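Asker: Supplied in structure tokens, the structure appears directly below.
Each reported figure results from applying straightforward, stated rules to the coordinates on display, with no laboratory input. Keep in mind that this is a model prediction, so the values were computed, not measured. Here Cβ is always computed from backbone atoms with ideal geometry, including for glycine, and neighbour counts include all displayed protein chains.
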Amino acid sequence: MRMTPADWLDERTGYRRLVGRALYEPLPNGINWWFTLGSVLLLLLVVQFVTGAALVMYYVPAPAYAWESVRYITAHVTFGRVLRGLHVFGASFIVVAALAHLVRVVVFGAYKKPRELTWWSGLALLLVVLAFALTGYLLPWDQRAYWATVVTINIAKSAPVAGPWVADLLRGGTHLGALTLSRWFAIHVVALPAAASALVVAHLFLMRRHGIAGPPRRRPGAARAFYPDHAFRDAAAGGLVFAALLACAVFGRPPLAAMADPSDATYVPRPEWYFLGLFQLLKYFPGRLEPVGAHLLPAAVLLALVLLPWLDRSESRDPRRRRIVIGGTLSLVASVVALTALGVRNLPADAAGAWGTRALAGRAVVNGDRCARCHARGVGSDLSRGRMTRDVSWIESHVSDPDVIAPGIRPAPADGLKPLEARAVIAYVTSTRSGEPPPPVSADQERAAAVIGTRCITCHTIDGDGGRLGPDLSHVGSRHDAGWLEKWIADPEALKPEAEMPAFGRQLPPGDIAAVARFLASRR
Amino acid sequence: MNVQRRIVDEEFGPVWIERRQWLRAAIAAIGAGIAATLSGIVGGAVVATPGDRQEEQWLPAGRTGDLATGVPTAVTLRVTRQDGYYDAVERQVVFLVKGTDGDVRALSSTCTHLGCRVSYDAAADVFKCPCHGGQYSADGRVVSGPPPRPLEQMATRVEGARVLVKL
């Protein structure tokens, strides 16, 4: 008989016996869809490993480039947005699946003797998953990441005795900065994957050694092989979860706020949603009691979980005979859900979109002839890429008087920009950096924004940006219609003799005034 | 275990075999679907690397009045190139040569053999490559050594007194 390559391989590795043992493992009767959660978790972990390996080819763990490289991944890398989406949303999927798996194991009493070590390795895996989530959150180095991490480290610092020391260890120094980023990156891509791999192997080995615990009440009937019936359930559940994750990645946008700015004290940090419950818990323990909410309660819950096989030593795995454990678990789940819901409700309102009127005005200036002369022809860099390598005052002086910055060989534009136009251009470049696409605006609206963002904004505020001399224009459309506004802008004194606003009838073309009036009237 | 054996041995009748085959096919299809989607996305990101959008640039390189006829003048151009997430600034040396007809030509300083930088030896009136001894005449033709082609020429344009080079 001829030897096939598979025979050759089997003769040397004995893989057929291994595969056979893996596929035809006998499972107790009564195994159902609840028993697919572990496989779903394994699949999600593999997705994180694979997408993470691709992301790390483009990501740079340094403050100067981290944010830029993440933006590059989402904007320029082939399938980069979906790739990052899979990784970001996959993290949420893992947290949910891990908690569901844990609750299933508790309810079915599967942690009992002789499966204590399986239980512990699972708890350790849960902590590793949370550590993954925490360290990964910092890596994009955006405002969310930076300020959420500031809070995380301060929570660690508030721990009794070792707190300050732990905080320094987490930061890699006395400040949250470059060393923190590279440290958390190393933990995220080297230490945690190694720990997760080892723990998964241990968890699966122990699971196979003792067999699946099966349903809480033993059901009569012969054991059935894992393959193909339960393997099909695993595959189907995995396929559904993967399809849902893919849908999130394709249709959702993984968040990327503006680049981290340690000097911006106005930013209100918010944690990722699965830490919101812990965040909310802190609010009930103000002042000196804070360590109770921050450390004591979470530690107590963890300790109870670790000791669960000894706290519940009864033989029975039947939930109806383990009322205390089931009741405790359900109230714990209920409080986590409630705290998370309260946390979501108390979230600070999202700041107005990244694209204000000023930024839209800046876009009109940039697309106009003066900037495009150099920047659209390769002499200057492409402004729509939103790359800012200089600070704001440098850019302000450059756009006001380009000759200052690019003397000599390069032709300086004949006319610079007025300071307000310069500020509009900076707002535009900053908005481009935010990663949020510009809102769809008609030519008429763009024309109006160009006037408002470079003129009206001197005295009036719109969407939280502008001067305070005149009234806020954000909702002016609820007070006046376009016809009235048009007359008012052209000649306020005609409508109200004591008006302080100057007349713009002679300064602006009538078409501009009409466009501004229509734009403002639509602001209700 | 007896019932189980019979299923595994596929002796349980055509209904069971059909069901088993269907399950097997479904498992394989789901697994293949996930694997294909994932490798498509990851493979796309890793293999189909985003090319750098390099647009043509006309860079001012000097003034015609500063060039001596027939003598190559080295000019360093500062070229901004998008290098992934990074804006790389490269210094490229080109040689400007004014011909007897007044036309200005720009020669690349990259040796056509293996890419080393050539320099102009005024005494011998040749470009010399330091790596393998290639030599080019002042108008870029190969004089001796291994270079397979003359030095590359870039397009030039004269605007008033200024010389612009296309990169």
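Asker: Using amide H atoms built 1.01 Å from N in the peptide plane, name the residues 5+ places from A:Gly356, or on other chains, whose amide H lies under 5 Å from its own.
Answerer: Close amide H contacts, sequence-distant or interchain: none at all.
Asker: Any chance you could give the angle, 0 to 90 degrees and rounded to 10, that helix B:14-47 forms with the longest Cα principal axis of chain B?
Answerer: Roughly 20 degrees between the two axes.
Asker: Need the list of lysines near B:Lys166 for cross-linking: C-alpha distance under 22 angstrom, and skip anything on the same chain fewer than eight residues off.
Answerer: Qualifying lysines at Cα under 22 Å: B:Lys98.
Asker: Hey, can you list the DSSP H helices of chain A whose Cα span along the axis is 24 Å or longer and whose average Kyte-Doolittle score is at least 0.5?
Answerer: Passing helices, by number: A:37-55, A:80-107, A:116-138, A:192-210, A:231-251, A:323-345.
Asker: Using a Cα-Cα cut-off of under 26 Å, which lysines could be cross-linked to A:Lys157, ignoring same-chain neighbours fewer than 8 residues away?
Answerer: Filter leaves A:Lys283.
Asker: Grab the eigenvalues of the alpha-carbon gyration tensor for segment A:141-182, scale each by 5, take roots, and send me the semi-axes largest first in whole angstrom.
Answerer: 18, 12, 5
Asker: Going by how many other beta carbons lie within 10 Å of each one, how would you line up B:Cys111, A:Cys371, A:Cys459, fewest first?
Answerer: Listed from fewest to most nearby Cβ atoms, that is A:Cys459, A:Cys371, B:Cys111.
Asker: Give, in whole angstrom and from largest to smallest, the semi-axes √(5λ) of the equivalent ellipsoid of the protein assembly as shown, with λ running over the eigenvalues of the Cα gyration tensor.
Answerer: Result for the protein assembly as shown: semi-axes of 59, 41, 24 Å.
Asker: Magnitude of the Cβ-charge dipole of chain A, K/R +1 and D/E -1, about the Cα centre, nearest 20 debye?
Answerer: 2460 debye
Asker: Which FRET efficiency value, to the nearest 0.05, is calculated for B:Thr69 and A:Arg253 with the Förster distance at 51 angstrom and r the Cβ-Cβ distance?
Answerer: The value I calculate is 0.25.
Asker: Subtracting the Cα-Cα distance from 0.36 nm times the residue separation, let me have the gained length for A:Met1 to A:Val56 in nm, one decimal.
Answerer: This chain segment gains 14.9 nm when fully extended.
Asker: Per-residue mean of other chain beta-carbon atoms within 10 angstrom of the beta-carbon, peptide A:81-87?
Answerer: Average per residue, whole number: 3.
Asker: Counting only the backbone N, which residues of segment A:232-246 are under 16 Å from the spot 7 Å out from the Cα of A:Trp33 toward its beta-carbon?
Answerer: A:232-244, by backbone N distance to the label point.
Asker: On average over all directions, what projected area in square nanometres does chain B have, based on the convex hull of its Cα atoms?
Answerer: Mean orientational projected area (chain B, Cα hull): 18.7 nm².
Asker: Suppose we flag GluC sites (Glu not before Pro) only when DSSP calls them loop and at most 16 other Cβ atoms lie within 10 Å. Which is the longest uninterrupted stretch of chain A?
Answerer: A:1-314
Asker: For a footprinting-style exposure proxy, rank A:His210, A:His175, A:His188, A:His76 by other Cβ within 10 Å, fewest first.
Answerer: The order, fewest Cβ neighbours first, is A:His175, A:His210, A:His76, A:His188.
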